[in-house]
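For reference, the structure is listed below as structure tokens.
Only the coordinates and a few stated rules stand behind these numbers; no lab work does. Small disclaimer: the values here were computed from a predicted structure and weren't measured. Cβ sites come from the backbone with ideal geometry, for glycine too, and all protein chains shown count toward neighbours.
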Amino acid sequence: MPLKMRTSRPKPTLPDPSPSLFNPLLPFNQVSNIENKVSELQIANNKPSFLFSDIPSSTASTNIFPLTPTGTPMTKEMEEEKAFEEHMGLLTRTEGKQELGDAITAPIFTMPVLEHVSRRLANETENPFAQYGLLAGVARGFEETTDVEVDAMNADPRLFFNIASPSSTFICGSQGSGKSHTLSCLLENSMFPAVANHLPHPLTGLVFHYDTFISDDGGSPCEAAFLSSNKGVKVRVLCAPTNIATIKLAYSQFKNITIEPLRINQSDLNTKRMLDLMAVTSSNGPIPLYVHTIYRILRVLREEQQKTGSKFDYVLFKKHVDAANLSPDQLRPLQQRLDTLESFMPKEQTFAPHLKGKGKLRPPTGNDWTPKAGTLTIVDLSCPCVTPEGACALFNICLSIFLEKSTSVGRVIALDEAHKYMNASSEASTLTETLLATIRLQRHLGARIIISTQEPTISPALLDLSSVTIVHRFTSPEWLKTLEGHLAGAASKLLLRTDDTEGGEQQISIATKVFREIIKLRVGEALLFSPSAVIGVDEGAGKTGADALQRLGAGFLKIRVRSRLTDDGGKSVMAV
């Protein structure tokens, strides 16, 4: 029904068309008018085929308009009035509810915000922030980067990381500036209950690690492995089968760690993962002919799987590839990728078994990816036989397997020292696209993504989508240009501050201020950028007197990351 502006119109008064008013000497037009009125009354006395008030047509009624709660007919004007009130109700927001909801999902918040939200929602929930952990403290005397009042911060500088809400965090900085320390603190907050957090339901974690410095005499373990010093965390390391002895030696100092070779089950493969394994994009030039052949084979297998409800059959896939009669030049790059995959699969799943009699197939011997609370899985592919490109391809498969499992347990995914394997290769681009897709769907996947790298230039697109960016000390102007182009708090072209001096006005860009602060940062200190972070409460703000939550917005905070709860494995080796 089209809506119109509400107008008040007087109800027309109809003449009484009674027989006593009939006069045979009246003019013809007047007689016709009286007859029309009588016809209208006769029509009104008939039962309508439907009623707006949902009254059955068999019910006696002399009015085609719905009845109001008081029993009076509802006119067209009354219907419009009711629709107007209902629409305005849909447009009206409960005062303060929207801000409180935004605060509960904010990735970073302060203690005053925690107290304020808990007080406002005391009647609805006992603890609005279900899970959170202490991340850092706001450095004192650092108030020029935000318009929020700093009195409350100076009184209580604690800064908390919201574990319950899905988020994405990007950590960058030079070697030895505290990146891995910050990553480990975030993992500590997520993996086990402690004095630094409120964690009724621990998460399950996945960490990717690849070190180019590895030898037969050992190597450096992933720093996240030091979380095993807490007995509440079960740490599992999945490594390359070609380097399992060396990995066991590198992790021999840990007693609460199990080490397994990475074995990808055939049942964990699917069409999408096989396509990602090809790692061929149109941006690298024309797609090779053999890739189109692989696409066709995968489509045929996919149709058969949809009809029968079966899983991906790797042996059948290889049979189709052999039957395609590809040339040696076409088979060579394909075989390289398949060899990498097969080296991380159970051997009995890579070829057709030859059984005698009625023997049974051996059960799958791949790794178990069932999510378990308080369990940290480290995929360490440090091995002379594994290239950075191969590591990216395998990380991508492991990530997709991890994400497809049940969301009943919260998940945290971390990339440690990402600059060592995320390069300009097509495999790294495929991994980046998977990470970007995960970040875009983090609310639906229940995922928390943490990326730690020296160089912020590895993938600027990750900076664009990250809800939190933590910048430790560095001295490269090129890195600053990357931050300037992708962080609101460092965009000097959009944000300029004018400092009045006696000699006139001098414009100093935000980027200059940011760079000055970054260079002066000490170990463990960082600048935090997070537009959606809620860092203050303005009591009695606004015309209605409601409390207003203050966001960080285009500002940034200088923070000092807290100390570790578990053993610190990132200390520098000194000559004594």
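Our estimate of slack between Arg158 and Thr125, defined as 0.36 nm per intervening residue step minus the Cα-Cα distance, is 9.6 nm.
FRET efficiency for the Asp538 to Gln175 pair, using the beta carbon distance and R₀ = 41 Å, is estimated at 0.50.
Legend: calculated FRET efficiency, Ser563 to Ala323, from the Cβ-Cβ distance at R0 = 45 Å, rounded to 0.05, equals 0.15. Among Met278, Met78, Met88, sorting on how many other beta-carbon atoms sit within 10 Å of each Cβ, with the fewest leading, yields Met88, Met78, Met278.
Pairwise inverse Cα distances across region 267-349, averaged and inverted, put the Kirkwood hydrodynamic radius at 13.5 Å.
What's the local net charge at Glu478, with K and R +1, D and E -1, over the other residues with C-beta under 13 Å away? Overall, the nearby charge balance is -1. Of the trypsin sites (Lys or Arg not before Pro) found in region 391-424, those in coil by DSSP whose Cβ has at most 13 other Cβ atoms within 10 Å are Lys405.
On full extension, the segment bounded by Lys255 and Ala437 gains 61.9 nm, given 0.36 nm per residue less the C-alpha separation.
Spin-label model, Ala424 to Ala373: label points 7 Å out along the Cα-to-beta-carbon direction sit 4.7 nm apart.
Between Ile287 and Lys97, the simple label model (points 7 Å from Cα in the Cβ direction) yields a spacing of 4.8 nm. Across region 98-112, computed HN-Hα scalar couplings (Karplus, 6.51 cos²θ - 1.76 cosθ + 1.60, θ = phi - 60°) run 5, 5, 5, x, 5, 5, 5, 9, 5, x, 10, 8, 9, 5, x Hz from first to last residue, x flagging Gly and Pro. What shape does region 374-480 have by the C-alpha gyration tensor, where a ≥ b ≥ c are the square roots of the eigenvalues, rounded means a/c under 1.5, and otherwise prolate means a/b greater than b/c and oblate the rest? Oblate, because a/c is 1.5 or more while a/b does not exceed b/c. Placing R0 at 45 angstrom, the Cβ-Cβ distance between Ser267 and His87 gives a FRET efficiency of 0.30 after rounding to 0.05.
Could you give the length gained on full extension between Lys76 and Ala461, defined as 0.36 nm per residue of separation minus the Cα-Cα distance, in nm? Full extension of this stretch gives 133.1 nm more.
Pairs exceeding a 26 Å alpha-carbon distance, out of Lys231/Lys420; Lys255/Lys372; Lys319/Lys372; Lys272/Lys318: Lys231/Lys420; Lys319/Lys372. Under the combined filter of DSSP loop state and at most 12 neighbouring Cβ atoms within 10 Å, region 230-298 retains these trypsin sites (Lys or Arg not before Pro): Lys231, Lys255. Other residues within the sphere of radius under 13 Å centred on the Cβ of Lys272, judged by their own Cβ, net out at -1 (K and R +1, D and E -1).
Could you please report the charge total around Val386, scoring K, R as +1 and D, E as -1 over all other residues with beta-carbon less than 11 angstrom from its beta-carbon? My count for the surroundings of Val386 gives -3.
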